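See structure below.
The values are calculated or read from the model by the stated rules, or taken from the named source; none is laboratory data. Just so you know, these numbers come straight off a predicted model, no measurement behind them. For neighbour counting, all protein chains shown are included, and Cβ atoms are generated from backbone atoms with ideal geometry for every residue, glycine included. For the accessible areas, the whole protein counts, side chains as well, though only heavy atoms, and no ligand, DNA or RNA atoms are used. Shrake-Rupley method; radii C 1.70, N 1.55, O 1.52, S 1.80 Å.
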Amino acid sequence: MNSETHLLVLFYIFYISAMTLLVTMSYEFALKNKLGYFFLLISYISTAVYFVLFSLSDSMLSLIIVVYFWLIMQISYNLGKYKFAIVSSLIIQEILMSLLYYAIVRGSLIKALYSLYFYATDIPSFSLSISQIIIPAILEVVNSFMFFLMVFPEIAYLSFKYRNIYSLLLSSLIFAGPNIASEMTHSILPLPYDPIKESSILELLLSVIFTIYFSYKYMSGRINTFYYLLFVISSLSLSSTEFYYSLTINQVPYAIATLLMISMVFYYVDMSGKEVNVRIIPYLSLLPSISELFFGASVAYFYNVISAVMVLSITPFFASLFPIFYYYSHKS
């Protein structure tokens with residue numbers, strides 16, 4: 001990284017720190033007051049201008065990207081999908097700011113997109129047209145460590161603001177896996193390589209802990225049924241796409257799952273996790289345990305110890321069934 005690029009990165013860090021704070025405050029206000037959408041719109045315009053100015057060598061491409069993103073937000077708002085509009089505004093701004101980091105580091109927006117496509121698919125991309133690689137490349141931004149650095153503090157703040165520990169736990173599970181660790185993490189952290197294998201173990205451990213925690217809360221009637229189902233969906237989608245990634249080195253499905261789950265967390269962050277008179281369906285807690293089979297198998301494939309697939313899958317699976325055993329032992 002030359003001195004000019006280093007200076008740009010420092011300026012970029014200062015800018016995104018301020019913008020992340022502004023976007024978070026705007027989103028918090030938008031959850032309470034519909035005028036908040038216009039504050040998010042103003043911050044989006046600021047982000048878009050900054051993105052285009054730093055991508056002048058590819059100005060037409062950057063303009064197309066910001067216009068398409070704006071259309072997603074504005075059409076949603078015009079159709080009366082207010083909450084979808086403010087969530088998409090927040091997520092889109094974080095994607096743009098994350099994408100800009102790679103444009104600065106790579107020297108241009110086009111080079112950044114081609115590099116991101118390669119990271120996403122492990123397929124040499126320079127023989128492909130920009131129209132073929134742009135969507136997977138932008139999706140891959142969601143798997144970046146820079147995206148995590150901006151989004152996770154926002155969720156943490158909003159979770160504490162609304163006293164919603166479940167949103168914080170869900171986002172921790174979403175961001176703990178190889179999806180975040182695999183995208184140029186070594187270029188941001190002082191690491192010799194991207195810690196993909198290590199993060200797969202962290203994801204497996206967190207998944208088992210959170211499955212036991214959420215299932216116990218659900219079966220004791222102390223969590224909103226919707227939040228439990230949201231955890232189940234998150235766990236199954238993340239585990240299956242991580243397993244697919246471990247087999248194929250293709251991160252696009254993983255990125256889609258990450259994007260959808262993070263959007264859901266933001267969408268429901270202001271919703272209470274408590275519920276009275278929960279109707280308990282004990283066998284529902286089997287569903288998140290299934291994800292342990294995928295998470296365990298992923299660890300085996302990432303470490304290339306195929307002979308240990310059964311042990312690494314079955315052990316966490318049975319460990320995560322503890323709430324069911326506890327429920328029936330105390331029921332009898």
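Within region 117-131, identify whether any single residue is without any contact (Cβ under 8 Å) to a residue 60 or more places away in the chain, within 24 Å of TYR50 (Cβ to Cβ), open to solvent by less than 30 Å² (accessible area, probe 1.4 Å) and touching a helix residue (DSSP H, G or I) at 6+ places or on another chain (Cβ under 8 Å), and answer yes or no. Yes, there is a match, as at least one residue in region 117-131 is without any contact (Cβ under 8 Å) to a residue 60 or more places away in the chain, within 24 Å of TYR50 (Cβ to Cβ), open to solvent by less than 30 Å² (accessible area, probe 1.4 Å) and touching a helix residue (DSSP H, G or I) at 6+ places or on another chain (Cβ under 8 Å). Among all residues of region 21-37, there is at least one that is among the hydrophobic types (A, V, I, L, M, F, W, C), exposed (fewer than 13 other Cβ atoms within 10 Å of the Cβ) and closer than 15 Å to LYS83 by Cα.
Let's see how each residue does on (1) modelled with pLDDT under 90; (2) in contact with a helix residue (DSSP H, G or I) (Cβ under 7 Å, 6 or more places away or on another chain); (3) assigned to a helix (DSSP H, G or I):
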residue	(1), (2), (3)
PHE210	no, yes, yes
TYR213	no, no, yes
GLY221	yes, no, no
TYR227	yes, yes, yes
LEU230	no, yes, yes
SER234	no, yes, yes
THR241	no, yes, yes
LEU247	no, yes, yes
ILE256	no, yes, yes
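For region 1-81, please list each of the helices (runs of 4 or more DSSP H) lying entirely inside it that holds at least 2 residues being more than 23 Å from the chain's Cα centre (by Cα) and closer than 16 Å to VAL105 by Cβ.
3-32
Quick check on region 167-183. Is at least one of its residues open to solvent by 10 Å² or more (accessible area, probe 1.4 Å), farther than 21 Å from SER199 by Cβ, in contact (Cβ under 8 Å) with a residue 12 or more places away in the chain and assigned to a helix (DSSP H, G or I)? Looking through region 167-183, none of the residues is open to solvent by 10 Å² or more (accessible area, probe 1.4 Å), farther than 21 Å from SER199 by Cβ, in contact (Cβ under 8 Å) with a residue 12 or more places away in the chain and assigned to a helix (DSSP H, G or I). Taking ILE249 as the residue in question, decide whether it is open to solvent by 60 Å² or more (accessible area, probe 1.4 Å), under 23 Å from the mean Cα position of the chain (by Cα) and in contact (Cβ under 8 Å) with a residue 12 or more places away in the chain. In short, yes.
The lone criterion from (1) surrounded by 14 or more Cβ atoms within 10 Å (Cβ to Cβ); (2) modelled with pLDDT under 95 left unmet by SER88 is number (2).
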